[in-house]
Structures are given as structure tokens and as C-alpha cells.
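The values are calculated or read from the model by the stated rules, or taken from the named source; none is laboratory data. No experiment lies behind these values; they were computed from the predicted model shown. When we count neighbours, we look across all protein chains shown, and the Cβ atoms used for this are built from the backbone with ideal geometry, even at glycine.
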Amino acid sequence: MMEKLLDIKDLCVFIDNKIERKEIIKNLNLCVNTGEINAIMGPNGSGKSSLAYVVMGHPSYIIKNGDIFFLGKNIKNLSPDKIAKMGIFLAFQDPCEIQGSTVFSILKELYVSKSKKLVTISTFSEILFKNMDILGLAHDFAARDLNSGFSGGEKKKFEILQMLVLQPKFVILDEIDSGLDVDALKVVATGILEAKKENPDMGILIITHYQRILKYINPDFVHIMQDGQIIKSGDFSLVDEIELHGYNQYLDGEKKDA
Ligand code: ADP
Ligand code: MG
């Protein structure tokens with residue numbers, strides 16, 4: 001049965017960086033049901049990454065108004081670790097490097113913490129390698145330090161590897177396709193679809209500028225974000241519309257002239 005997974009209601013968000021107090025998300029509404037794939041497209045600086053961070057509980061953002069419900073529970077005042085434990089996963093646009101933690105050790109820790117049962121090294125290796133194979137990652141990748149010296153493609157694949165191993169309930173993919181060549185893009189898309197196949201109830205929110213990944217992922221709904229708001233929602237045909245005429249066509253006359 002389909003139910004509301006992530007439900008954002010009348011969200012207004014500010015950022016206060018001592019120099020200025022800036023409204024970044026303006027009265028935004030968005031609902032993603034279980035099993036659904038929603039895409040957000042929009043020009044640079046429209047607030048897409050900020051929205052992802054706010055959902056994850058990033059402390060720099062101040063929620064002025066509105067609520068964020070996840071499976072019916074209001075998560076707007078929860079810390080990122082609690083939100084992650086509830087089953088929300090964010091694949092970062094620019095993942096950070098952590099030296100001294102290997103891919104294997106960190107994923108094993110996360111897996112144990114999520115499944116709440118101990119796992120032997122050999123059992124976990126099996127799980128990990130099976131998923132690395134989907135992404136075409138050589139097994140010695142498991143011994144590497146987190147994101148340290150990873151190529152752009154490896155960083156993105158590692159984000160998808162986490163998604164495959166942890167099987168979150170809801171995934172936000174922030175520009176997972178940026179900087180990928182055609183082959184890597186195909187592999188990343190395959191990984192996303194594979195995770196979804198294993199867990200059909202998984203909800204996905206994919207943030208992107210390009211139609212190419214959406215051709216593989218085939219979202220149920222497409223939303224256009226501009227200046228902190230969702231200004232239009234529709235089906236896949238919106239993607240072609242954007243590709244043909246850009247984002248400007250959706251702006252009102254006043255903003256268009258500016
Ligand atoms: P997008 O992901 O759509 O490109 P972002 O969410 O990264 O957009 O940014 C939206 C707006 O918020 C931009 O104008 C950006 O400069 C601003 N912004 C984001 N984070 C901060 C911050 N920490 N301090 C000041 N402004 C910020
Ligand atoms: Mg961004």
C-alpha cells in the first residue's frame with residue numbers, strides 16, 4: 001500500500017551566517033510516497049542542495065515555518081544522526097574525504113548499527129562484494145580510505161554503494177550524475193535501480209540538471225525549483241520541455257526581464 005513517506009509542508013528556511021539573514025526556501029510543499037521516484041530540477045542556486053540539507057537536519061539552516069514529516073513523524077527538530085537512523089540517506093553532491101577509515105570498516109559499522117546484529121567479516125564481505133560488483137568496483141576498493149584520492153566517478157559510486165548496502169527507506173541523490181562520463185552514469189543508474197528493485201517501497205528524490213540520468217531512472221514526478229520554491233510539477237514530459245526551452249519559460253514576466 002502506498003503511504004506518505006516524506007511530506008514537506010509550507011517550509012520556510014533561513015540561513016544566518018552572521019553577515020546576512022537570507023531566506024533560502026520559501027513556502028515549499030513536496031510529498032513523496034513510498035515506492036515513488038521524484039525529481040527536482042532547477043537552475044544553480046535555486047535551493048536544491050539546501051532543501052536536502054534541511055531534510056537531513058543540517059544545523060546551519062533555521063526552519064522559520066512549516067514541518068517535515070517522515071512516515072508521519074515530524075522530524076524538523078531532530079539531529080542528522082537520528083534522521084539517518086530513521087532511514088533517510090543523503091548522497092552528497094560533494095562527498096568529503098576521511099582518512100583513516102576504510103570503505104570496508106565504515107560500511108560494516110553502518111551495517112551493524114542499522115541491522116542491530118553482529119556480522120562476521122566473511123559474511124559482510126559477501127554482502128559488500130556483491131554490491132561492489134553491481135557498480136563495477138574492484139574488490140580492493142574496499143581497503144581504500146573514504147573518498148581519499150577517489151576519482152569523481154568513484155566518489156559517486158561509493159555513495160550508491162552505501163545505498164545498496166544500507167537499504168534506506170528514503171534516498172536523496174544530490175547531483176549524483178554531475179561529472180560522470182556516459183559509462184559511469186549508466187553504472188550509477190543501474191545501482192540506483194538495483195537498490196530500488198531489492199526494496200520496492202524505497203522512495204527516491206533525485207536532484208539533477210540533466211535529463212540523461214532521468215532517462216534511466218524514469219521519475220514518477222518532476223518538480224522545477226526556482227528561487228526557493230517549487231514553481232511547477234508534472235510528469236516526465238516536463239524534462240523534455242526544460243531541455244528544449246530552459247527554465248526561463250516558467251518565470252513570470254517581471255522576473256524574466258530582470
Ligand atoms: P542549488 O543546490 O540549487 O544550486 P543551494 O541550495 O546550494 O542551491 O543554494 C541556494 C542559495 O542559498 C544560494 O544563493 C546559496 O548561495 C545560498 N546558500 C546556501 N548555503 C549558504 C550558506 N551557508 N551561507 C549563505 N548562503 C548560502
Ligand atoms: Mg546543489
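Numerical summary
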| quantity | calculated |
| --- | --- |
| Hey, VAL187 part of a helix (DSSP H, G or I), more than 13 Å from the chain's Cα centre (by Cα), surrounded by 15 or more Cβ atoms within 10 Å (Cβ to Cβ) and touching a residue at least 40 places away in the same chain (Cβ under 8 Å) or not | yes |
| Tally, over region 39-61, of residues that are touching a Leu at 6+ places or on another chain (Cβ under 9 Å) and within 16 Å of ligand 2 (Cβ to nearest atom) | 10 |
| Qualifying positions in region 114-153 - under 21 Å from the mean Cα position of the chain (by Cα), part of a helix (DSSP H, G or I) and modelled with pLDDT under 95 | LYS114, GLY152, GLY153 |
| Members of region 200-214 found to be modelled with pLDDT of 95 or more and either more than 16 Å from the chain's Cα centre (by Cα) or more than 16 Å from ligand 2 (Cβ to nearest atom) (or both), listed by number | PRO200, ASP201, MET202, GLY203, ILE204, LEU214 |
| Pair list, Cβ < 6 Å and 6+ apart or interchain, from region 29-46 residues that are within 18 Å of ASP227 (Cβ to Cβ) to residues that are basic (Lys, Arg) and near ligand 1 (Cβ under 9 Å from one of its atoms) | ILE40/LYS48; GLY42/LYS48 |
| Lone unmet requirement of (1) at pLDDT 95 or above; (2) out of contact with any helix residue (DSSP H, G or I) (no Cβ under 7 Å at 6 or more places or on another chain) for GLY246 | (1) |
| Selection within region 68-100 - more than 20 Å from VAL32 (Cβ to Cβ), touching a residue at least 40 places away in the same chain (Cβ under 8 Å) and not acidic (Asp, Glu) | PRO95, CYS96, ILE98, GLN99, GLY100 |
| Every residue from region 58-80 that is within 13 Å of LYS169 (Cβ to Cβ) and basic (Lys, Arg) | LYS73 |
| Among (1) within 14 Å of ligand 1 (Cβ to nearest atom); (2) outside any helix (DSSP H, G or I); (3) of a type in the set (Gly, Ala, Ser), the one test that GLY35 misses | (1) |
| Identity of the residue in region 38-68, in a loop (DSSP other than H, G, I, E, B) and over 25 Å from ASN248 (Cα atoms), that ends up nearest to ligand 1 (Cβ to nearest atom) | SER60 |
| Count - residues of region 1-38 that are of a type in the set (Val, Ile, Thr) and away from ligand 2 (no atom under 16 Å from the Cβ) | 5 |
| Candidates LYS186, LYS169 - the one that is closer than 28 Å to ILE8 by Cα, of a type in the set (D, E, K, R) and at pLDDT 95 or above | LYS169 |
| Residue satisfying all of: in region 165-181; within 13 Å of ligand 2 (Cβ to nearest atom) and among the acidic types (Asp, Glu); nearest to GLU36 (Cα to Cα) among these | ASP174 |
| Residue within region 169-182 that is under 17 Å from the mean Cα position of the chain (by Cα), under 22 Å from ASP81 (Cα atoms) and surrounded by fewer than 21 Cβ atoms within 10 Å (Cβ to Cβ) present | yes |
| Filtered residue count, region 74-113, keeping only those that are of a type outside the set (Gly, Ala, Ser) and either closer than 12 Å to GLU159 by Cα or part of a strand (DSSP E or B) (or both) | 14 |
| Members of region 105-156 found to be touching a residue at least 40 places away in the same chain (Cβ under 8 Å) and over 23 Å from ALA184 (Cα atoms), listed by number | ILE106, LEU110, TYR111, LYS114 |
